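Chemist: The structure under discussion is supplied below as structure tokens; questions concerning it will follow.
The values are calculated or read from the model by the stated rules, or taken from the named source; none is laboratory data. Fair warning: this is a prediction, and the values are worked out from it, not measured in the lab. For neighbour counting, all protein chains shown are included, and Cβ atoms are generated from backbone atoms with ideal geometry for every residue, glycine included.
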Amino acid sequence: MAARHFTKTEARAAAQAATRQFSARSAGQILESVRANTRDSEAFDIFLSHAIADAELVLGVKQLLEQQGATVYVDWSHDPQLDRSKVNTETAALLRQRMRQSKSLIYLATDAATTSKWMPWELGFFDGFRSNGVAIMPLLDRETDGFAGQEYLGLYPRVTKDNYRNSAASDVFVEGLGRWTTLKSFRAGTPNWQSYTNP
């Protein structure tokens with residue numbers, strides 16, 4: 001079976017489930033409520049790089065990653081005081097701190113990501129100090145759709161869903177450039193990369 005991508009429908013369904021769990025609060029309100037529990041010294045498995053315009057999708061992806069056992073940093077959830085509409089030194093300093101507190105970065109590739117002021121900078125910064133800890137997570141309309149994205153995104157492995165060879169067991173993987181690992185290994189900051197072999 002070929003690797004499958006996560007879909008916008010999956011992310012929206014996870015966001016709606018989280019929203020129902022917290023009654024009438026919006027996706028943004030739920031994410032902002034997380035801030036009260038965040039400490040400056042807290043470590044995160046994943047820094048989720050995303051476009052602010054994708055609030056519902058971001059909440060859904062955060063839920064999907066947390067269902068995999070990950071702790072996920074989302075800037076406007078943990079640090080709502082940030083003004084993401086402006087590029088300034090204070091915001092950059094706090095984002096650098098949060099990236100250093102994270103074991104990996106997942107770049108949420110959506111239509112809105114192409115217009116983000118911050119996402120390319122976050123990707124470059126994280127790649128500069130932990131190059132083995134960056135992955136791209138395309139959110140597509142159908143899980144079997146191909147993903148091209150901006151040219152530089154092809155340098156990084158992608159988050160996918162697949163089954164293990166000769167098994168019905170499925171998992172979430174980070175794969176690309178002739179190698180793969182599980183999301184669990186990747187998010188721990190010590191990916192156990194495996195090479196693809198011929199059957």
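Chemist: Could you grab me the full set of residues in the stretch 176-189 that are in contact with a strand residue (DSSP E or B) (Cβ under 9 Å, 6 or more places away or on another chain) and more than 18 Å from Asp45 (Cβ to Cβ)? Reasoning before the result, please.
Modeler: Initially, the stretch 176-189 is screened for residues in contact with a strand residue (DSSP E or B) (Cβ under 9 Å, 6 or more places away or on another chain), giving 176, 178-189.
Correct list: Gly176, Gly178, Arg179, Trp180.
Chemist: Let me ask something else. Could you count how many residues in the stretch 1-19 are in a helix (DSSP H, G or I) and either surrounded by 15 or more Cβ atoms within 10 Å (Cβ to Cβ) or at pLDDT below 75 (or both)? Step through it out loud before you land on a result.
Modeler: Keep residues of the stretch 1-19 that are in a helix (DSSP H, G or I), which gives 8-19.
Imposing the further condition that a residue be either surrounded by 15 or more Cβ atoms within 10 Å (Cβ to Cβ) or at pLDDT below 75 (or both) reduces the set to 8, 10-12, 14-16, 18-19.
Count: 9.
Chemist: Testing Glu143 on (1) modelled with pLDDT of 95 or more; (2) under 24 Å from Glu66 (Cα atoms), one condition comes back false. Which one is that?
Modeler: So Glu143 meets the others, but not (1).
Chemist: Return a yes/no flag: does the stretch 90-102 have any residue that is modelled with pLDDT of 95 or more, among the hydroxyl-bearing types (Ser, Thr, Tyr) and in contact with a Phe, Trp or Tyr (Cβ under 6 Å, 6 or more places away or on another chain).
Modeler: Taking every residue of the stretch 90-102 in turn, at least one turns out to be modelled with pLDDT of 95 or more, among the hydroxyl-bearing types (Ser, Thr, Tyr) and in contact with a Phe, Trp or Tyr (Cβ under 6 Å, 6 or more places away or on another chain).
Chemist: Against the conditions (1) buried (at least 20 other Cβ atoms within 10 Å of the Cβ); (2) assigned to a helix (DSSP H, G or I); (3) of a type in the set (Gly, Ala, Ser); (4) modelled with pLDDT of 95 or more, where does Ser77 fall short? Just the number, please.
Modeler: Exception for Ser77: condition (4).
Chemist: Right, something else. Quick check on the stretch 117-126. Is at least one of its residues touching a residue at least 24 places away in the same chain (Cβ under 8 Å), under 17 Å from Val74 (Cβ atoms) and of a type in the set (Asp, Glu)?
Modeler: Yes, the conditions are met somewhere in the stretch 117-126.
Chemist: Looking at Asp141, Asp127, Asp145, which one is surrounded by 14 or more Cβ atoms within 10 Å (Cβ to Cβ) and charged (D, E, K, R)? Before the answer, list the steps.
Modeler: Values: Asp141 fails: surrounded by 14 or more Cβ atoms within 10 Å (Cβ to Cβ); Asp145 fails: surrounded by 14 or more Cβ atoms within 10 Å (Cβ to Cβ).
Of the residues listed, the single one that is surrounded by 14 or more Cβ atoms within 10 Å (Cβ to Cβ) and charged (D, E, K, R) is Asp127.
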